[in-house]
Amino acid sequence: MAAAAGEEEEEEEEAARESAARPAAGPALWRLPEELLLLICSYLDMRALGRLAQVCRWLRRFTSCDLLWRRIARASLNSGFTRLGTDLMTSVPVKERVKVSQNWRLGRCREGILLKWRCSQMPWMQLEDDSLYISQANFILAYQFRPDGASLNRRPLGVFAGHDEDVCHFVLANSHIVSAGGDGKIGIHKIHSTFTVKYSAHEQEVNCVDCKGGIIVSGSRDRTAKVWPLASGRLGQCLHTIQTEDRVWSIAISPLLSSFVTGTACCGHFSPLRIWDLNSGQLMTHLGSDFPPGAGVLDVMYESPFTLLSCGYDTYVRYWDLRTSVRKCVMEWEEPHDSTLYCLQTDGNHLLATGSSYYGVVRLWDRRQRACLHAFPLTSTPLSSPVYCLRLTTKHLYAALSYNLHVLDFQNP
């Protein structure tokens with residue numbers, strides 16, 4: 001009996017191998033070399049490739065080749081490809097990413113709540129590998145994602161303290177957490193040890209901080225931006241103090257490590273977006289020329305050494321290309337309900353996500369279009385909250401609000 005069962009299993013495996021192999025008979029097209037077939041099929045769109053995959057097992061395997069889906073993925077939303085075509089997720093089949101991308105395009109997702117807290121917060125968060133770091137009051141907590149990415153292990157991996165008042169902002173850099181506090185101090189925490197240092201940085205709260213290449217930049221309500229070294233022997237030694245003459249809400253270092261941009265409150269007679277030399281602290285240029293008074297910039301991020309995005313109180317997201325003009329942005333998107341935009345995120349290609357000031361509204365935009373694709377209100381009227389921070393992967397979007405951390409699951413809608 002056992003021998004008979006073994007023979008049946010071998011026959012089934014052989015049948016499966018034969019069905020997955022190239023058909024011996026059929027159209028002459030299938031007898032072409034695979035290289036030519038790849039070239040021909042590369043002209044097919046997503047629907048045609050899907051239909052071709054239903055013909056037989058061999059074509060199903062053949063049409064799952066990453067090479068056939070790269071062109072489609074690069075034109076899709078949040079598929080893991082940058083605008084220059086760099087694949088950021090080589091371990092995940094491109095076809096699978098394109099499938100999930102259709103859910104982003106159509107707005108199909110499942111909403112959930114990962115964390116709740118009892119009192120109102122202004123949380124900030126960062127993602128790294130399978131971990132989430134989020135600020136709550138004067139702590140930063142690290143959580144590990146479960147395999148589905150839509151839930152967390154409830155027990156924190158680590159708790160990072162040190163500030164006397166709330167953490168306003170923080171970044172992850174070189175296995176460190178660099179945090180900015182309402183106590184006017186900057187905190188340096190080693191992620192995998194108990195090492196923590198904090199030092200007085202500004203006279204008022206530090207609203208924003210960034211760190212790249214061993215350099216820290218910070219911006220404060222005290223109308224200054226400062227440059228600091230991350231080197232352990234020089235912590236707290238200010239390299240440059242820049243008088244911005246306006247409250248600094250956001251800051252970002254260029255990928256070239258030669259300059260940084262500040263986003264200010266726009267209460268003076270100058271642009272709220274200015275770029276400074278990182279080595280000398282001198283003003284290099286300012287962006288835009290027609291900001292209305294009070295059009296403060298709450299979030300700014302570099303997408304490449306020459307392109308950046310900004311948003312804030314004047315309800316616009318602006319896309320700047322420093323190679324074309326610093327006087328006018330090359331593209332802009334307006335929040336349709338005239339709400340302040342607190343934060344933004346991008347997939348590095350076509351997808352843009354924004355967080356609004358009322359009712360926890362998260363909006364998705366296709367940057368090739370002017371109009372918003374989808375809007376997700378994450379709070380009801382009695383609990384209206386801004387979206388303080390957004391983060392995304394190819395499968396999930398995470399939104400931090402006053403009382404909850406929300407997740408939109410686009411993999412299993």
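The values are calculated or read from the model by the stated rules, or taken from the named source; none is laboratory data. Note that the structure is a prediction, hence the values are computed from the model and not measured. Counting neighbours? That spans all protein chains shown, and the Cβs are built from the backbone with ideal geometry, glycine included. Just so you know, the surface numbers come from the protein's heavy atoms only, side chains and all, with ligands and any DNA or RNA stripped out. Shrake-Rupley method; radii C 1.70, N 1.55, O 1.52, S 1.80 Å.
Phi-derived couplings, Karplus 6.51 cos²θ - 1.76 cosθ + 1.60 at θ = phi - 60°, listed residue by residue for the range 321-330: 10, 5, 7, 9, 7, 9, 7, 9, 6, 8 Hz, with x used for Gly and Pro.
A simple rule links phi to the HN-Hα coupling: the Karplus curve 6.51 cos²θ - 1.76 cosθ + 1.60 with θ = phi - 60°, which for the range 87-104 gives 8, 8, 9, 5, 7, 9, x, 5, 4, 5, 5, 5, 4, 5, 4, 5, 5, 4 Hz, with x for Gly and Pro.
Applying both filters, DSSP loop and at most 15 other Cβ atoms within 10 Å, to the trypsin sites (Lys or Arg not before Pro) of the range 365-407 gives ARG368, ARG370.
Within the range 261-413, all pairs of alpha-carbon atoms sorted by distance into 5 Å bins from zero give the percentages 2, 9, 18, 22, 20, 14, 9, 5, 2, 0, 0. Averaged over its residues, the range 297-374 has an accessible area of 38 Å² per residue, based on protein heavy atoms and a 1.4 Å probe. Here the contact order of the chain, divided by its residue count and restricted to Cα pairs under 8 Å and six or more residues apart, works out to 12 percent. Considering every alpha-carbon pair of the range 170-279, the percent of pairs per 5 Å bin, from zero through the bin containing the longest distance, is 2, 13, 25, 25, 19, 9, 3, 1, 0, 0. Positive-end ranking of THR379, SER356, CYS266 along the dipole of the chain, with charges on Cβ about the Cα centre, is headed by CYS266. Here is the size of the range 224-318 from its Cα atoms: Rg then Dmax, 13.5, 44 Å.
Computed 3J(HN,Hα) for the range 199-216, one whole-Hz value per residue from the Karplus formula 6.51 cos²θ - 1.76 cosθ + 1.60 where θ = phi - 60°, is 9, 5, 10, 9, 6, 10, 4, 8, 7, 7, 7, 9, 8, 8, x, x, 10, 10, glycine and proline marked x.
For SER259, nonlocal amide neighbours, meaning residues 5 or more places apart or on other chains whose placed amide H falls under 5 Å from its own, are SER254, LEU278.
When you restrict to C-alpha pairs under 8 Å that are six or more residues apart and normalise by the size of the range 266-344, the relative contact order lands at 24 percent. Dividing the convex hull volume of the alpha-carbon atoms in the range 52-116 by its residue count gives 135 Å³ per residue. Residues whose amide H falls under 5 Å from that of LEU298, counting only those 5 or more places apart or on a different chain, are CYS311, GLY312, TYR313, with hydrogens built in the peptide plane. Built from the Cα atoms of the chain, the convex hull projects on average onto 26.3 nm², one quarter of its surface area.
Both radii come from the Cα set of the range 115-187: Rg as radius of gyration, Rh as Kirkwood radius; their ratio Rg/Rh reads 0.96.
Over the chain, DSSP H runs of length four or greater, each weighted -39,500 (n - 2.57), average out per residue to a 222 nm ellipticity of -4500 deg cm²/dmol. Candidate cross-link partners of LYS99 among the lysines, defined by an alpha-carbon separation under 30 Å and a same-chain spacing of 8 or more, comprise LYS395. Summing Cβ point charges (Lys, Arg +1; Asp, Glu -1) relative to the Cα centre of the chain gives a dipole of roughly 680 debye. For the range 289-392, chymotrypsin sites (Phe, Trp or Tyr not before Pro) are listed when DSSP marks them as loop and at most 14 other Cβ atoms sit within 10 Å of their Cβ; the list is PHE306.
Considering only Cα atoms, the convex hull volume of the range 234-286 works out to 90 Å³ per residue.
Comparing ASN78, ASN207, ASN103 in a Gaussian network model of the chain where C-alpha atoms under 10 Å apart are linked, the largest mean-square fluctuation is found at ASN103. Given 20 °C and 1.002 mPa s, how large is the Stokes-Einstein diffusion coefficient of the range 30-188 in µm²/s, with Rh as the Kirkwood radius over Cα pairs? This corresponds to a translational diffusion coefficient of 111 µm²/s. Its convex hull of Cα atoms gives the range 89-134 a direction-averaged projected area, equal to a quarter of the hull surface, of 4.9 nm². The lysines within cross-link reach of LYS212, meaning a Cα-to-Cα straight distance under 20 Å and a gap of 8 or more places when in the same chain, are LYS185, LYS190, LYS198, LYS226. Translational diffusion of the range 201-264 was estimated from the Stokes-Einstein equation, with Rh taken as the Kirkwood radius over Cα pairs; at 37 °C and 0.692 mPa s the coefficient is 283 µm²/s.
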